[in-house]
Amino acid sequence: MSANKAIYFLFFLVFPPSLFALNSDKYSPVLIEADQVDMSDKSGISTYTGNVKLTQGSIRISADSIIVFTSNNKLQRLIATGSPAKFKQKPDEKSNDVEASAFHVEYSTKTSVLTLQQNAQLQQGSNMFSGHKIEYDTLNDVMSARSTENKKQRIQAIIQPESLPVTRQ
């Protein structure tokens, strides 16, 4: 089995495909709070800076800056940067939230791809993947993780065993 196939297998063993979205999230309004905003209706670009908080349903993003790209008043993509920027979402069928962080987080509504770059980390409960870059295609349930070109930051996966059943004596 190739290294990429092994990573995909481990990822879906730990993080099932239904993990990333409550059905109601995509129908919820987006609320953004920040210290400052610069908007251009003509270009469709809004830049929020200073302790930025974005909420949509169960989705929570906190960052130093979030750039929102819209077309015809519809969200196309967003870029969040921070030290690190943080993402959190309640999945449909799991009790533990999905948490992600990276210095650069990008989401495209056109492709439904969440991209985490620079010290990327994706965690649910005590299971975690980390690396330089993690991409998750939410439509096709495909994840890829990459190390840096010089291999200084390699991919790391931590997968906890199932809990042992409690025995009564």
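The values are calculated or read from the model by the stated rules, or taken from the named source; none is laboratory data. Since the model is a prediction, treat every value here as computed from it, not as a measurement. Every residue, glycine among them, receives a Cβ derived from its backbone with ideal geometry; neighbour counts consider all protein chains shown.
If you scan the stretch 91-109, which residues turn out to be at pLDDT below 85 and either assigned to a strand (DSSP E or B) or surrounded by fewer than 18 Cβ atoms within 10 Å (Cβ to Cβ) (or both)? D92, E93, K94, S95, N96, D97, V98, T109 - these are the residues of the stretch 91-109 that are at pLDDT below 85 and either assigned to a strand (DSSP E or B) or surrounded by fewer than 18 Cβ atoms within 10 Å (Cβ to Cβ) (or both). Please find, within the stretch 39-67, the residue that is farthest from A80 (Cα to Cα) out of those that are among the charged types (D, E, K, R) and modelled with pLDDT of 95 or more. Filtering the stretch 39-67 for residues that are among the charged types (D, E, K, R) and modelled with pLDDT of 95 or more, the one farthest from A80 (Cα to Cα) comes out as K53. On inspection, R60 passes the criterion of being in contact with a Lys or Arg (Cβ under 6 Å, 6 or more places away or on another chain) and buried (at least 16 other Cβ atoms within 10 Å of the Cβ). Inspect all residues belonging to the stretch 123-145 and state whether any of them is at negative phi, of a type in the set (V, I, T) and modelled with pLDDT of 85 or more. Yes, the stretch 123-145 contains at least one residue that is at negative phi, of a type in the set (V, I, T) and modelled with pLDDT of 85 or more.
State whether one or more residues within the stretch 144-159 are under 12 Å from the mean Cα position of the chain (by Cα) and either buried (at least 17 other Cβ atoms within 10 Å of the Cβ) or hydroxyl-bearing (S, T, Y) (or both). There is no residue in the stretch 144-159 that is under 12 Å from the mean Cα position of the chain (by Cα) and either buried (at least 17 other Cβ atoms within 10 Å of the Cβ) or hydroxyl-bearing (S, T, Y) (or both). Can S28 be described as surrounded by fewer than 16 Cβ atoms within 10 Å (Cβ to Cβ) and over 19 Å from R146 (Cβ atoms)? Taking the combined requirement at face value, the residue satisfies it. In this entry, S28 is excluded by the filter for residues that are at pLDDT below 90 and closer than 28 Å to Q160 by Cβ. If the condition is being among the small types (G, A, S) and assigned to a strand (DSSP E or B), then the stretch 110-135 contributes A120, S130, G131.
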